[in-house]
Amino acid sequence: MRTGTSFLRKTIVTICVMPTVFVLLGEAYTHFFNTLPVASLATRFGFTFQKPIIFVLIVIIEIILVLTIYRMLRPLLLFLDNPAKSDEKSFAAARKAAVGIPWTLIIISMGFWTLGTVVFYALSGWKSPGGTPFVIYLDGPSGQSVSYRP
């Protein structure tokens, strides 16, 4: 197996599996400890999968992330697959590709959080169920995305 292919496979698993697991755990946690419905634990676990749109959005976002990262890491993958034929120019391109990934992930994450917040407030008639003003809530996810340090 080529080094670049192995690296890309591990990257894709990390990008796709971890967020999906955390969303599943978050949904299960929310439904297990929700005090409103009187239901057994098995029924509450079933509530985890009541919103298929969440899982469809996860798949769409992960496809966008994987395609973006694959496109960006192309010079690095070429370098890893054939380091003997590489020169200083290909090394510099590979390094630049690898260094740019964290900021790309931060920008994409910030964009999705901002879009999700705007859509949520628009669907709620620009009023939060918890009473938090739109401007304050919009700053939260966007600020968290920017302050993320890998």
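The values are calculated or read from the model by the stated rules, or taken from the named source; none is laboratory data. Values in this document were obtained by computation on a predicted structure and should not be read as measured data. All Cβ positions, glycine included, derive from the backbone under ideal geometry; neighbour counts span all protein chains shown.
If you scan segment 37-76, which residues turn out to be closer than 24 Å to G100 by Cβ and of a type in the set (F, W, Y)?
Y70
Would you tally the residues in segment 119-150 being in a helix (DSSP H, G or I) and at pLDDT below 85?
Step one: filter segment 119-150 for residues in a helix (DSSP H, G or I), giving 119-123, 134-147.
Now restrict to residues that are at pLDDT below 85: 120-121, 134-147.
Residues in segment 119-150 being in a helix (DSSP H, G or I) and at pLDDT below 85: 16 in total.
Residues of segment 26-69 being of a type in the set (A, V, I, L, M) and either in contact with a Gly (Cβ under 8 Å, 6 or more places away or on another chain) or more than 22 Å from I108 (Cβ to Cβ) (or both), which ones?
Residues satisfying the conditions are A28, L36, V38, A39, L41, A42.
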